[in-house]
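Encoded as structure tokens, the structure appears first; notes follow it.
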Amino acid sequence: MPSLVPNHAHTFEEYLEIEEAATVRHEFYDGEIYAMAGGTPEHAAMAAEITSKLGRQMEGGPCRVYSSDLRLRVLATGLATYPDVTVICGPSERDPASPSHVTNPTLVVEVLSPSTADYDKGKKLEHYKTMPSLQSFLLVDHASERIELHSRDGDDWLRREFGG
């Protein structure tokens, strides 16, 4: 992903200012601000369907489902991003530096796009795994009809694939 302003290290506060004024979403990591690519109609429909189905399943329980409008911050690494779908069980915890960012997802879902699949399966997954609250991470590839589930098992992570 190309940086918005290459070779310039931004502070998180600068990122927040840029993000508040922006008409597109950005991801922040290690002083760099990255424009997030717009998804295809299929990507958007899949994310909406997952959000809807999870919402119905969790209705009345302690967990709440959020769309890609939710800002997520990985405190251990500094990544600030917008997952396609997020589930938080119990009260949401906020980033002290930015109350608009939550820090305690239970489940994160990313719908894969050709331009971001390697990043989502690699570096982004490693960021998410540092979050103590995260129990599961789901990668959905609508093109190949495959799902990859990463689930916390104590200090380890189990990986399972379904479909396709």
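Read-outs throughout are calculated quantities, based only on the coordinates presented, and are distinct from any laboratory measurement. Every value quoted in this text rests on a predicted model; they were computed, and no experiment measured them.
Diffusion of the range 101-164 by Stokes-Einstein, at 4 °C in a medium of 1.567 mPa s and with Rh set to the Kirkwood radius over alpha-carbon pairs, works out to 107 µm²/s. Annotation: the range 54-164 has a Kirkwood hydrodynamic radius of 14.4 angstrom, from the mean reciprocal C-alpha pair distance. A quarter of the convex hull surface defined by the alpha-carbon atoms of the range 83-126 gives 3.7 nm² as the mean projection. Compared with the dominant principal axis of the Cα atoms in the chain, helix 12-21 is inclined by about 80°.
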